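The values are calculated or read from the model by the stated rules, or taken from the named source; none is laboratory data. These figures come from a predicted structure and were not determined experimentally. Backbone-built Cβ (ideal geometry, glycine too); neighbour counts: all protein chains shown. Surface accessibility is based on the protein's heavy atoms, side chains included, excluding ligands, DNA and RNA. Shrake-Rupley method; radii C 1.70, N 1.55, O 1.52, S 1.80 Å.
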Amino acid sequence: ETLNALFPLRPADLYGEMANYFSKFSKAPVICRVVGRKVLDGLGLPTLEVEIYCTVKNYEKRLSSIVISSHFQVPENALPEAAEAEEKERNDSVNTAVKWVNESLNTMLRDLEPTDQCQVDKMLGEYFTTKVEEQKAIQKQEETAGAEATLALPSCTPSATSLPGKKKASKPGKKMSVVQIMIPPAEPAESVLCGSSAIGATSLAVAKAGATISHIPLYLHVALLKHDQESPKEMTLPIPMFNLLNSEKISSAKLKLVKEVMLIPPVQLSIEQGIERVLDINKEMVTLLDPPEKASSSQQGDGKKGKARSTEKKAPPRALKRISHLGCLVVGSDNIEQLLLLIQKACTKAGMELGTDMYLAINCSAHELMDYAKGKYETLTGTFKSPDEMVDMYVDLIKKFPFIIALIDPLRKEDREQWNNIWCALHSKCYLIAEDAATNISRLKTDENINLPTCSGVVLKHINETKVSDLIELTGLLDDQNHITILGSPDGESSDDSLVDLAVGLGARFIKLGGLLRGERVTKCNRLCAIEEELTKNGTLREAKLDFPASDEESHEKKEISDLPPPPKQDLLPSQLSASPEDSEPAQLPENSTLT
């Protein structure tokens, strides 16, 4: 029967074709071994790698490997004690995760089919819940033991010298309590269970193995999981956000409001064309920060020997400014107008216009700016603004610089009233995105109403115990509530490019890739280009459309970023502000200001 079926095909490799024919009747591959390993990420810091081995036609075969990103943030100018404590915590977390994978998860997942993602994630979730309960029991025992030890100690009255100290401290305490009433207190930090990265890494590694068995790319496998195995006729690529500048908050520079400035190419461009524009702006930015005149003058003055050498040897390349762990230049500036005008100048030199050929997004990380003693945000060194004043400041900023189409974490998540105010004022002009202002994924998933501030969307990250099923469920909830999804990479990133496949498969609107000056970030850009090429070849690529929710004044008409109308006459471009004395104070670069 097999020979009769193959006879009309006349295959060049008859035995190979017969092997393929009989393979249809072979047993489905099952997991035979899960391996965890401690590896280094792009910054040389420890993280977890998980490998999936399956039994395929009676042979053990390695089908997938995943390196998960760490949730730990890269500290800036951290104290030696704090850095040492975090390093120990990171190592303990990775070592515990490796132990979980090689012992418990290896035994638990054996003989399961990698294509059964729901069952795998269910078992992983149950295992994690057990570990959480064990940790709570241990903490309860420690608290009980500590309370008993305290009761056993003889009671002692405070010394005479300590009593006056308490009285003195009570006065500023009263002032603080008044301020605390004015602003909502910060929510307690969400605890991360030591070793939890084993859950997220194993879940994604199994998904990748399932895609390999099904002979489809990971992004399509994730899309099939999200849409109940119904293959989408068209797929949209996420719009990339490329980091251009990192603004130092702990430096001699005054500006504290901006943490990251990102470039967003227009959606009508291909990914490759967008990357080319970002690279051109990057080059101009390097030139502006490190003018060639300075570099050339430093190489002169060596006399005849210097001239002789220059004819034989090329001059060394000019030293660049410091590169951040996100793969972009690090700068410090006196105010936000100075920073934005610098970017505008770089774009102009590259032959582009902001608002037409390129757009900006700003990550404010407002939770890092709050001075709880004053109850205000420190936007510049020594300059403080209340939450209501922050809303007014952002409204003026978007009016002056309409090419800013996204603000990330403009306020703390606790300032819900101000989130509502800024949403009412700006939601039809730019995206208001919650990153650190959003709660943990596990808490978002359990809350049916999605406990979020009033915003356009949320940045999700695949870290810790986050499973593929969690991301699928949460993106579905966000879609139902008209929130956009942004998939982001943490500070500690590896060269693993699975994040891009997740973003495409989940239908994310944006993806935060970082800058183009670090290899682990560029790897993801290359993967996005490859997926775009594949979808274009298959004829399944649909052009992305970014539309802002319409304001009441616009009669609910939507405007798309792909064909934004030119700015209205009353909203002048930043380059035109200096020519209009009637408008508000123009944003100009002061002669005596410094930008490092």
**Study point:** Residues located in the stretch 414-437, provided they are at pLDDT below 90 and crowded, with 22+ Cβ neighbours inside 10 Å
**Key:** A437
**Study point:** Residues located in the stretch 36-70, provided they are over 15 Å from G195 (Cα atoms) and of a type in the set (A, V, I, L, M, F, W, C)
**Key:** L40, L43, L45, I52, C54, V56, L63, I66
Review point. How many residues does the stretch 352-390 contain that are open to solvent by 70 Å² or more (accessible area, probe 1.4 Å) and within 19 Å of I405 (Cβ to Cβ)?
Key: 2
Study note, to complete from the structure: When the stretch 472-495 is checked residue by residue, the ones that are touching a Ser or Thr at 6+ places or on another chain (Cβ under 9 Å) and either part of a helix (DSSP H, G or I) or not assigned by the TED database to the domain that holds G515 (or both) are L474, T475, L478, D479
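Out of all the residues in the stretch 318-326, is one or more open to solvent by less than 40 Å² (accessible area, probe 1.4 Å), modelled with pLDDT of 90 or more and closer than 20 Å to K259 by Cα? Before the answer, list the steps.
Taking the stretch 318-326 first, the residues open to solvent by less than 40 Å² (accessible area, probe 1.4 Å) are 324-326.
Next cut, modelled with pLDDT of 90 or more only: none.
Checked the stretch 318-326: no residue is open to solvent by less than 40 Å² (accessible area, probe 1.4 Å), modelled with pLDDT of 90 or more and closer than 20 Å to K259 by Cα.
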Review point. When you go through (1) touching a residue at least 24 places away in the same chain (Cβ under 8 Å); (2) assigned to a helix (DSSP H, G or I) one by one for P402, which number turns out not to apply?
Key: (2)
Exercise for review: Go through K167, K136 for me and flag whichever is out of contact with any helix residue (DSSP H, G or I) (no Cβ under 8 Å at 6 or more places or on another chain), at pLDDT 85 or above and over 30 Å from L63 (Cβ atoms).
Suggested key: K136
Exercise for review: Name the single residue, out of those in the stretch 225-255 being free of Cβ contacts under 8 Å to residues at least 60 places away in the same chain and not polar (S, T, N, Q), that is farthest from L471 (Cα to Cα).
Suggested key: E230
Review point. Of the residues that make up the stretch 71-89, is at least one more than 19 Å from L499 (Cβ to Cβ) and at pLDDT 95 or above?
Key: no
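Yes or no: G36 under 20 Å from K524 (Cα atoms) and under 30 Å from the mean Cα position of the chain (by Cα)? Spell out the reasoning first.
Details: under 20 Å from K524 (Cα atoms): no; under 30 Å from the mean Cα position of the chain (by Cα): yes.
No, not satisfied.
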Check your understanding: Residues I216, I181: which one is modelled with pLDDT of 95 or more, farther than 25 Å from P490 by Cα and open to solvent by 10 Å² or more (accessible area, probe 1.4 Å)?
Key -> I216
Point to revise | Candidates V500, V458, filtered to the one that is of a type in the set (V, I, T), part of a helix (DSSP H, G or I), within 14 Å of the chain's Cα centre (by Cα) and at pLDDT 90 or above | key: V500
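Yes/no per residue for (1) in a loop (DSSP other than H, G, I, E, B); (2) under 21 Å from the mean Cα position of the chain (by Cα):
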position: A12; (1), (2): yes, no
position: F25; (1), (2): yes, no
position: G42; (1), (2): yes, yes
position: K61; (1), (2): no, no
position: E86; (1), (2): no, yes
position: D92; (1), (2): no, no
Exercise for review: Evaluate the stretch 28-51: report whether one residue or more is open to solvent by 50 Å² or more (accessible area, probe 1.4 Å), of a type in the set (S, T, N, Q) and either within 30 Å of D116 (Cα to Cα) or in the same structural domain as P114 (by the TED database) (or both).
Suggested key: no
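Please verify whether the stretch 191-201 includes one or more residues that are modelled with pLDDT of 80 or more, surrounded by fewer than 14 Cβ atoms within 10 Å (Cβ to Cβ), of a type in the set (S, T, Y) and over 30 Å from E113 (Cα atoms).
Taking the stretch 191-201 as the starting set, the residues that turn out to be modelled with pLDDT of 80 or more are 191-201.
Those still in the list that are surrounded by fewer than 14 Cβ atoms within 10 Å (Cβ to Cβ) too: 191.
Still in the list and also of a type in the set (S, T, Y): 191.
Of the ones still in play, those that are also over 30 Å from E113 (Cα atoms) are 191.
Yes, the stretch 191-201 contains at least one residue that is modelled with pLDDT of 80 or more, surrounded by fewer than 14 Cβ atoms within 10 Å (Cβ to Cβ), of a type in the set (S, T, Y) and over 30 Å from E113 (Cα atoms).
For I450, are the conditions met, namely being at pLDDT 90 or above and either surrounded by 21 or more Cβ atoms within 10 Å (Cβ to Cβ) or farther than 23 Å from N243 by Cα (or both)? Before you say what the answer is, go through the steps one by one.
Values: at pLDDT 90 or above: no; either surrounded by 21 or more Cβ atoms within 10 Å (Cβ to Cβ) or farther than 23 Å from N243 by Cα (or both): yes.
Judged against the criteria, I450 is not a match.
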Check your understanding: If P590 satisfies every condition in (1) in contact with a Leu (Cβ under 7 Å, 6 or more places away or on another chain); (2) at pLDDT below 50 but one, which is the exception?
Key -> (1)
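For the condition of a type outside the set (F, W, Y) and either closer than 24 Å to M241 by Cβ or outside the structural domain of I275 (by the TED database) (or both), what is the one hit in N335, N421? Before the answer, list the steps.
Details: N421 fails: either closer than 24 Å to M241 by Cβ or outside the structural domain of I275 (by the TED database) (or both).
Going through N335, N421 in turn, just one is of a type outside the set (F, W, Y) and either closer than 24 Å to M241 by Cβ or outside the structural domain of I275 (by the TED database) (or both): N335.
Quick grid of which residues meet (1) open to solvent by 90 Å² or more (accessible area, probe 1.4 Å); (2) part of a helix (DSSP H, G or I); (3) under 14 Å from S196 (Cβ atoms):
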site: L105; (1), (2), (3): no, yes, yes
site: M123; (1), (2), (3): no, yes, no
site: E143; (1), (2), (3): yes, yes, no
site: G146; (1), (2), (3): no, yes, no
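Any chance the stretch 512-526 includes a residue that's over 23 Å from R322 (Cα atoms), among the aliphatic types (A, V, I, L, M) and either at pLDDT below 95 or not in a loop (DSSP other than H, G, I, E, B) (or both)?
Here is the first cut: in the stretch 512-526, the residues over 23 Å from R322 (Cα atoms) are 526.
Applying the additional criterion that residues be among the aliphatic types (A, V, I, L, M) yields none.
No, the stretch 512-526 contains no residue that is over 23 Å from R322 (Cα atoms), among the aliphatic types (A, V, I, L, M) and either at pLDDT below 95 or not in a loop (DSSP other than H, G, I, E, B) (or both).
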Review point. Could you count how many residues in the stretch 80-103 are open to solvent by 20 Å² or more (accessible area, probe 1.4 Å) and touching a Lys or Arg at 6+ places or on another chain (Cβ under 6 Å)?
Key: 1
